[in-house]
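Chemist: What follows is a structure written as structure tokens; I'll ask about it next.
Just so it is clear, none of the values below were taken in a lab; they were calculated from the coordinates. On a predicted model such as this, the values are computed, not experimentally measured, just so you know. Positions of Cβ are backbone-derived with ideal geometry, glycine not excepted, and every protein chain shown enters the neighbour counts.
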Amino acid sequence: EKAHIGVTGLAVMGRNLARNFARHGHRVAVHNRRRERTDDLIEQFGGEGSFVPAYSLSELVDALERPRRLVVMVKAGRPTDDVLDELAPLLEEGDILVDAGNANFTDTRRREAALAERGLHFVGSGVSGGEEGALHGPSIMPGGSEAAYRELAPLLGDIAANVDGTPCVTHVGSDGAGHFVKMVHNGIEYSDMQLIAEAYDLLRHGLGRTPAAIAETFLDWNAGRLDSYLIEITAEVLGHTDSRTGKPFVDVVLDQAEQKGTGRWTVQSALELGTPVSGIAEAVFARSLSGHAELREAAQGLPGPGGSGVSSGEAERFTADVEQALYASKIVAYAQGFNQIQAGSAEYGWNIDLGAVAAIWRGGCIIRAEFLDRIRAAYAANPTLPTLLTDSGFQQALGEAQESWRRVVSTATSLGIPVPGFSTALAYYDALRAARLPAALVQGQRDFFGAHTYRRTDTDGVFHTEWAADRTEHEA
Ligand code: 6PG
């Protein structure tokens, strides 16, 4: 009997995806370049379902029913290309390759086009939820052709997370759409994590609370509108005591945040698309700033403000303010991310359904939260919503939050606590709602020094002022 699906690359994500398929009754052919991993999988988890070990790519290909469905779960970049190059000649027309790693969507577009020329389907698929998600139900964001999705949908639907009876998988759009959306997911993930970290920092250094006490606050918040996986694990991490020293875990971890690149890609793509994802950018930069040990060391002596933090009488209000600021900033972060998806969709012709993306992020993925259902509902009510900020529910929340949000940013500023995420979100909010922006002045400056021209509020056309001569305005 042939296998329904194959997986090559049995590091933890690949292994767990293979197990997840098998646990749902699918016969899974498994392959890894080093055979020990294949044997380990069979030895440890063979009892969970029906596995077919394969010790070469051609054995793997032979083990599969047609059209073949084969998940490639190797490192992004060169290793993926190498496996695809080796696999393509072994496959037949109509076979489907799924890249479930965190590939750059531009690579996915290139690979999809090259494999399509050989009659093969290539599905770049975002998979979120880490190791646990891969095993128990991730959120799955496949791109590629409709035809390939039809063949994959039943299997992916079985292994995906489930929210209210709906599997967290949808055909996002053609070619690289799936990996693009996964990339933005990660950008939002960075932003959300940064905002949570700033909230912690304010309670720690503005209020002088202990990590354990702050863990309690996050647990409280998790019972409300901020309910999410990231808030939940934040409480866990803050509540944890280091087993080696007995100190709060968060105090013994080196404060230099690392990154594997998806956040950076999100910002690079946003720069090209011209989409202001300032929250994601600040989150990426905050990580890189934290990693500049020498720079930080050199700056240790720079003067900061005096002052003793928030008084205990103000503690309750301040904590409530931070919750408001966190929620409002989170709305901005997601609004920016969804606008980037909208822009990418328009640029690459993907026709992405934003509500459907929000729906599959309700479960399985790292940013999973009840909040995503509110985003789904916002797009269901108005699919052409220009920004989530103007959805009536979010608009109301922002209106209720804004005074707290401003107090938090100004308190942080006067105490010298950096809140790049909160403050850029607030600046974005204020800039969007401003009737007039100083961009008019920037246009004037550009025209002054470079005759770069400007448009006017009172008439159409492109204008230039004779700055060096009589300073009259005329059409350029
Ligand atoms: C997910 C995550 C995952 C990502 C990690 C690490 O959705 O399951 O986004 O894909 O690899 O979050 O990312 P960084 O190392 O860049 O923080």
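Chemist: Where in the range 359-466 are there GluC sites (Glu not before Pro) that are in a DSSP coil and have at most 14 other Cβ atoms within 10 angstrom of their Cβ?
Modeler: Hits after loop and neighbour filter: E370, E466.
Chemist: Still on this structure, I have one more. Roughly speaking, what is the stretch gain from D220 to A476, that is 0.36 nm per residue apart minus the C-alpha to C-alpha distance, in nm to one decimal?
Modeler: 86.1 nm
Chemist: Can you tell me which aspartates and glutamates have their Cα less than 17 Å from the Cα of K260? Leave out same-chain residues fewer than eight positions away.
Modeler: D107, E131, E189, D192, E282
Chemist: For the chain, what does the helix formula give at 222 nm: sum of -39500 (n - 2.57) over DSSP H segments with n ≥ 4, over the residue count, nearest 500 deg cm²/dmol?
Modeler: Value at 222 nm, helices only, nearest 500: -17000 deg cm²/dmol.
Chemist: Continuing with the same structure: Using DSSP, restrict attention to beta bridges with both residues in the chain and report what percent are antiparallel, rounded to the nearest 5.
Modeler: Rounded to the nearest five, the antiparallel share is 35 percent.
Chemist: Normalized C-alpha radius of gyration of the chain, against 2.2 N^0.38 Å?
Modeler: 1.10
Chemist: Within 10 Å, at most 13 other Cβ atoms, and a DSSP state outside H, G, I, E, B define an exposed site. Report the longest part of the chain free of exposed chymotrypsin sites (Phe, Trp or Tyr not before Pro).
Modeler: After excluding every exposed loop site, the longest remaining stretch is 56-466.
Chemist: Now, a different point. Taking the Cα centre of the chain as origin, work out the dipole magnitude from +1 charges on Lys and Arg Cβ and -1 charges on Asp and Glu Cβ, in debye rounded to 20.
Modeler: Roughly 220 debye for the chain.
Chemist: Further question on the same structure: Cα to Cα, under 30 Å, and not fewer than 8 places away if on the same chain: which lysines meet these conditions relative to K2?
Modeler: Straight-distance partners of K2: K75.
Chemist: Between E131 and E466, what's the calculated FRET efficiency when r is the beta-carbon distance and R0 is 51 Å? Round to 0.05.
Modeler: The formula returns an efficiency of 0.20 here.
Chemist: Of A469, A434, F448, which is farthest on the positive side of the dipole of the range 416-476, counting Cα position, with +1 on Lys and Arg Cβ, -1 on Asp and Glu Cβ, and the Cα centre as origin?
Modeler: It is A434, whose Cα lies furthest towards the positive end.
Chemist: Something else about it: Would you please name the trypsin sites (Lys or Arg not before Pro) within the range 372-476 that are DSSP coil residues with at most 16 other C-beta atoms within 10 Å of their C-beta?
Modeler: Counting only loop positions with at most 16 other Cβ atoms within 10 Å, the trypsin sites (Lys or Arg not before Pro) in the range 372-476 are R436, R455, R456, R471.
Chemist: For helix 278-291, what angle does its Cα long axis make with the longest principal axis of the chain, in degrees from 0 to 90 and rounded to 10?
Modeler: Once rounded, the angle reads 80 degrees.
Chemist: Still on this structure, please answer the following. Express in whole angstrom the spacing between the alpha-carbon centres of the range 42-109 and the range 315-369.
Modeler: 32 Å
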